[in-house]
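Worksheet for the structure shown next.
The values are calculated or read from the model by the stated rules, or taken from the named source; none is laboratory data. If you're wondering where the values come from, they're calculated on a predicted model, not measured in any experiment. Every residue, glycine among them, receives a Cβ derived from its backbone with ideal geometry; neighbour counts consider all protein chains shown. These accessible areas exclude ligands, DNA and RNA; they are computed on the full protein's heavy atoms, side chains included. Shrake-Rupley method; radii C 1.70, N 1.55, O 1.52, S 1.80 Å.
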Amino acid sequence: MRALDDLVRQGKVRYIGNSNFPAWRIAEAELVARQINVNRFVSCQDEYSLVVRGIENDLLPAAREYKLGVLPFFPLASGLLTGKYKRGAAPPDDTRFGKAPALKARYITPRNEDIVEKLQAFAEKRGHSMLELAFSWLASRPQVASVIAGATRVEQVEQNVKAVGWALSAEEIAEIDGITK
């Protein structure tokens, strides 16, 4: 922690955060920072999406307790939440799942396929895309400070920016929770 604190004090970085820490490590880091009077973490970076919600059990409560912003990565579950993969169809060769069978096996499960089908119907009924749903849902989460979104083309960057424009209602969030939990 002292080495990270040195970077902040030297002006080389403004803030420090952690990535993939379990909740107990977040608490430990906070207590150590207080004990030795150094800069504390202000954020945590973890996988979080409509199909990967495990951080809600322990990590989000710890982040809330210690006032950490959450920076979700893989907001589209490596492409599963884009809507481009269809149940029972082989993924296109030029996609992540087409190039990485292990990644495909991690995300394309019967449970996730069911969720995606229901979410697609939910989004389409409201005139939105899966990308808009995935990003807007994350943006609606109180602790999410920003979303780590990858893009390989300019159009994808533009779509990512536009995606958070959908302000989900409390009723819509409750319906999404019913689908994804």
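Structure values in brief
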read-out: Cross-link pairs 84/181; 104/181; 12/99 - those with Cα-Cα distance over 26 Å; value: 12/99
read-out: C-alpha center-to-center spacing [the range 109-171, the range 8-86] in angstrom; value: 20 Å
read-out: By accessible area with a 1.4 Å probe, ligands and nucleic acids excluded, highest first: order of 175, 30; value: 175, 30
read-out: Relative contact order (percent, whole number), the chain, Cα cutoff 8 Å, 6+ residue spacing; value: 19 percent
read-out: Accessible area per residue, Å², the chain with all protein chains present, probe 1.4 Å; value: 57 Å²
read-out: Accessible surface of the chain, 1.4 Å probe, proportion on carbon and sulfur as whole %; value: 53 percent
read-out: Global form of the range 8-62, assessed from the alpha-carbon gyration tensor, a/c cut-off 1.5; value: oblate
read-out: Packing-based order for 11-17, 59-65, using average beta carbon neighbours within 10 Å, highest first; value: 59-65, 11-17
read-out: Rough spin-label spacing in nm, given labels placed 7 Å along Cα→Cβ, for residue 6 and residue 153; value: 4.6 nm
read-out: Accessible-area ranking of 130, 1, largest first, probe 1.4 Å; value: 1, 130
read-out: Accessible area (Å², 1.4 Å probe, nearest 10) - residue 86; value: 110 Å²
read-out: Unit charges on C-beta of K, R, D, E only; dipole of the chain, Debye; value: 380 debye
read-out: Unit charges at the beta carbon, dipole of the range 134-181: most positive-side option, 180, 157, 138; value: 157
read-out: Summed side-chain charge close to residue 97 - residues other than residue 97 whose Cβ falls under 12 Å, Lys, Arg +1, Asp, Glu -1; value: +4
read-out: Mean ellipticity per residue at 222 nm, deg cm²/dmol - from DSSP H runs of n ≥ 4 across the chain, formula -39500 (n - 2.57); value: -14000 deg cm²/dmol
read-out: Fraction in percent of alpha-carbon pairs per bin - 5 Å, the chain; value: 1, 7, 15, 17, 17, 15, 11, 8, 5, 3, 1, 0
